[in-house]
1. Just checking, how many residues over the stretch B:362-393 are over 36 Å from the mean Cα position of the chain (by Cα), surrounded by 17 or more Cβ atoms within 10 Å (Cβ to Cβ) and under 18 Å from residue A:177 (Cβ atoms)?
2. Identify all residues within the stretch A:535-566 that are part of a loop (DSSP other than H, G, I, E, B) and either in the same structural domain as residue A:695 (by TED's automatic domain parsing) or surrounded by fewer than 19 Cβ atoms within 10 Å (Cβ to Cβ) (or both); write none if there are none.
3. Would you mention how many residues in the stretch A:394-425 are buried (at least 21 other Cβ atoms within 10 Å of the Cβ) and touching a strand residue (DSSP E or B) at 6+ places or on another chain (Cβ under 8 Å)?
4. Counting only residues that are touching a helix residue (DSSP H, G or I) at 6+ places or on another chain (Cβ under 6 Å) and surrounded by fewer than 18 Cβ atoms within 10 Å (Cβ to Cβ), how many does the stretch A:483-506 have?
5. Please find, within the stretch B:636-660, the residue that is farthest from residue B:618 (Cα to Cα) out of those that are part of a loop (DSSP other than H, G, I, E, B) and away from chain A (no Cβ under 14 Å).
6. When both residues are 6+ apart or on different chains and their Cβ atoms are under 7 Å apart, which pairs have a first residue that lies in the stretch B:400-427 and is within 14 Å of chain A (Cβ to nearest Cβ) and farther than 19 Å from residue B:318 by Cβ, and a second that is modelled with pLDDT of 90 or more and surrounded by 21 or more Cβ atoms within 10 Å (Cβ to Cβ)?
7. Collect the residues in the stretch B:623-632 that are crowded, with 22+ Cβ neighbours inside 10 Å and either within 14 Å of chain A (Cβ to nearest Cβ) or outside any helix (DSSP H, G or I) (or both), keeping them in residue-number order.
8. Regarding residue B:41, is this residue assigned to a helix (DSSP H, G or I), crowded, with 18+ Cβ neighbours inside 10 Å and within 37 Å of the chain's Cα centre (by Cα)?
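The values are calculated or read from the model by the stated rules, or taken from the named source; none is laboratory data. Quick caveat, the model's predicted, so the values are computed rather than measured. Here the Cβ positions follow ideal geometry from the backbone for every residue, glycine too, while neighbour counts run over all protein chains shown.
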């Protein structure tokens, strides 16, 4: 049975929208995992065909119970295996033979349970790979399609939480059955209606990204709420997220492991790498994913998603009937990354016309308690706010009866303009339903409002201004070959060819050449050993700074090479690099590493030990262009050091951004050949004087990865 | 009328617990400010005497209405003035003449509204100072004593929110009427019963601290929820907070202005200095105040306060039926500053006996869904947790029906042991009331649970281990006189006398003396001009480092003095300081400044521009002893630099703590004579080698302040 507009083509369709369901290990006891799905299917009115299978029973829940799969009158779309781990593989073989399309495996005792379980799971995966079967789980709580009531789960939450009345457009996709049930219970209590209830179990054959891909294409899904512990297929995940963005759907994901210890707890629970949470955060933002961090907030974001087609952004006008409440809201919004800009004078003038002297018109706006007595003014003021270019979103906080008096005007102005108006009522307004239906979301608590609004408005902001998904869709730079012998000089030249400038320097293979190079470059100079085999040049005595004349260069050339030969007798020593001794305003570290999930990611930070202690770095998945590079630098708490902090000279930020973008191009051009690349330091000179890489390193990918 | 145990002696008693109330400007219209309090008093059953006063009416709300104050049969405890600003002062004079004890002024148009209003308020204050009247407001929404139903407010929230049935023990005290009403509405919805509803208005004659003092002594108040924008009387506030702690009451305060922009918004709203939020945060912790940041959280903390006599602390054991939920909870708790320690092996063994292999016993503990079928084990496990010294608090997250099955055991174990057990149920447990009554708080949401539990458990922690209130109660160090001429040498000697060691140095008034000093100290030395008038020695050419022999010292002595005479011809130059050239592991800044509210506060941070950018400093109100100094250093993100970060040598942290405590003693001994004091830098040498102040400054208080 297909819901309207469903895509029959997607291979997960029989799993998530089956027309017929068989339950192997069926039971007449609704408390047992073989009974509960049948109880749900009959109780909630699934219209498809249901085949309980158990030779022990003739009938369960009023349905005929079949002795075995083979005796069914048809090959069911989906078979639910409510059997023990050891019986799973034989049953899968029978399913394949019977022509079943999809199988859901409840049983625990696979990869989550030691070496023996992992072996069992590997056998399962190997077998399924030889078939056309779509196999979900094992170790899963099962699914529910709440629009068709196709329940294939043993989730008791459906026994205790009232079932929705209408169709839902929000899908739930989690890597934990218990989290799926907990979020469902909370969100239902807050009035969210669901489309799909999906938990992925061990993801032996179908992983999170494949479900996400299904939901991106699913016409019954406008919003997905997800919970992730680890991602297996990064590219597929990214493609699915991009598809959500392309279709104007909202993807809201809660990634476990927000603290170091929390990540540890996740690791010990999943025995998988949880990934770098800072990289996840950056990648989510780039992919247009709203990052949630709380079950209630997920539910509220699902509500807000209904208003995603309104025009909105991070510049918020706050309208209250109290200076104190305005200040509190401004504080919370700003703390959450939004802006509360001072309103332009003409707008202030419009407001002042109706607001007494003891009220405020700057923003937050305190209209005072009197203003509700002048309904004409309320509409005038809201229209002015709706038409102003200075604010993107209008938040109105008025308790109960005051909101009620303004409700008609709010709905009218909201309908006439595209701009998002939001109401907060900590009292008991009777017009909440009217407002919500009229395009104005209503929150009942300040904290909840801020927790949901801030990521939602920042998502709007990124959707409007962000270009990464387009950037990513553009063709890659022409591939560049990685030289076989990658010394410091060649590395810097390679990066320079893509726009990451290197310090002025020359290779010298003799003391005479070193002196000639120094004379050409101008003193003072730096002399460094040039060897593809010496990674830690300073420790080897291979670096000498501030050489002021030819004698010094000549002497040092010999000393440096001798020291390095002593220190590393096996190293190939090609000579020395003679470079101009440069000084600047600040030093950056620009690095690229291969993230297991998101691929090549770029990290920018200021050099030095304190940057490391304060973890003051910014991440992005490649590609990164000039504008994104500037965004990254601005995210650094130490950014003021680049712009003239306390009378210091400002650095050449534009040149730094261009260099970072060049580095991004270089890394992309090198592609799979590279495991890691770093410029450290990138010297940022004074404004207008550019930047230059003083040292650089490219680590080739290990043979297996290329 | 006195509530049982009320202290008749406190001067605010007629204001907050009046036996008779007159309302001047009475109205029969419940929507008007002269009518609403009378409507509340009659509707909610206030048992005291109520005297509406208005010559226009004979009766309002069924009560006799009197023509004027003078015709009343008695002098009422409290007169509510529902009259315009201009009429307030004349009415106060009549109240005083009539023998009224307290007056509440609603009228706006005072200090909050420009120079004219400020003048009017100054006149009011000046007049009241000549009387025995207790005058609340102006610009206040009024009070409610919810135990006697003495309503003296025009708060419409009492019309829309159901009135509590029983006695309340939570008092609400805010610096905004609208915030008072908003928190009341939210907290009532969450089931909090109140004692007092107080908003302070302009605080012309009675300030926040005085109300707080009343509540500290009030036997009907166990918990106070407060909202503060600014404090006027710091010492009185601190004394009241200390009294809360002494009586085992819980004080929970929300301080406006959590971000810089938020603080600005508060300032523009109150036209008062909002104070340094970091200092507030430190002071609140020292005073045993729980700092709230959300209306819902305030209400939940009021609930938790019922369990404040249980034994609890920050080491949390998390028990769930799901690895994922355990990881999420651990993450949230750790992110909020709590600990989730690995359980000791014997305790793990007890748990393992009943938990299947795929469950976890380390912490978070995943008992798995099966465990509820073994009630004997549940009790055994909880008893073991209750008896363990390794955890302070046990948090159990089990959805609905599973919690219900464990409820009896939970209540029994909680009753038998003093340790706090907390339940989280995002389902629909039917045993919530049983659990709460049995000493086990139940939360319905993870986010709310963490937001309330974290500050509550940290409060427990401080209450158990914190000694600041005792420290503060100890006698001050013997007063020390501030030398009239406070040059660098004398400043360092002064501080050294209290335990802040100075670098080894000598005063030289000639080149010969300088050389002699250097010979005695040992080379290399530092030479600095000694002048009480030159603050920026380096700019004056007054500092020379790394002098390696007598010739250098002799030459530099002359150069330094000459340079300073050129640079500052008027400066008194006493000679030079010759000090040993020291080097160390790190440099600290240790400063004391006079906070407008909390008095002398100490700030510690690492030296350097990045520390400033990252705002990596720790604050405490004095006194600070060695243990607190260590706590402060540990709060610094850069603390690892003191303990041997990445192979660097560790610093002498113990000596640094002793020096900071000595600095605290010195500042306290100098008392009101000092406005500001700073050691910058305090050089921290390698472990075992001590610390020394390289430079120090004491700024005397301006004459008016001493």
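1. Adding up the residues that qualify gives 6.
2. Matches in the stretch A:535-566: A:535, A:536, A:538, A:539, A:541, A:548, A:549.
3. Residues meeting the conditions: 17.
4. Total meeting the criteria: 3.
5. My answer is B:650.
6. B:404/B:431
7. Matches in the stretch B:623-632: B:624 only.
8. Yes: the conditions hold for residue B:41.
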